[in-house]
Amino acid sequence: MQEIHTLELPKLPDASDDTQLWRWLRLMKARKECEMEALAKEGIELGKVVATIRRLSADEREQRLAEAEDKWQWSLKANRDEGRDEGIEIGEKRGEKRGFKHGEKQKATIIARQMKADGMDAATISKYTGISKDELDGLS
């Protein structure tokens, strides 16, 4: 069983609890350059992240590339979802069709048994139920 934890950034306390998690959440919540700068000084990893954020934010080409990557990822997801839904729909239709045919066959078999029990001849039973004479021989 997997656990899911929800972290609400607005509820993040302003005072640090000296954990790496608090620093990362604080970075995600940061809105001002000075906040990011202060966090960058607290650790190498955060410093690298802040530097990457600055580089991506400053370079229009990088921003366009990041946007294109996001759009491409969303497009892939949408196509996957659409394909999955289409596959489910096709599968359901096939299942319904098979079930309907199976049900028709069962009903014809029941009727053929009743007709046979009433003494009707095989040719007549076959004519009205669609069951072959060989199949009729196997019915009890």
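Nothing in this text is a laboratory measurement; each read-out follows from the coordinates by a stated rule. The shown structure was predicted, so the numbers you read here are calculated from the model rather than taken from an experiment. All Cβ positions, even for glycine, are placed from backbone atoms using ideal geometry, and neighbour counts span all protein chains on display.
Quick grid of which residues meet (1) of a type in the set (A, V, I, L, M); (2) surrounded by 11 or more Cβ atoms within 10 Å (Cβ to Cβ); (3) more than 23 Å from residue 66 (Cα to Cα):
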{"position": "9", "(1), (2), (3)": "yes, no, yes"}
{"position": "25", "(1), (2), (3)": "yes, yes, no"}
{"position": "29", "(1), (2), (3)": "no, yes, no"}
{"position": "48", "(1), (2), (3)": "no, yes, no"}
field: Failed item in (1) surrounded by 13 or more Cβ atoms within 10 Å (Cβ to Cβ); (2) more than 43 Å from the chain's Cα centre (by Cα); (3) assigned to a helix (DSSP H, G or I), with residue 108 passing the rest
entry: (2)
message: Just checking, does region 72-93 include any residue being closer than 30 Å to residue 132 by Cβ, charged (D, E, K, R) and under 21 Å from the mean Cα position of the chain (by Cα)?
response: yes
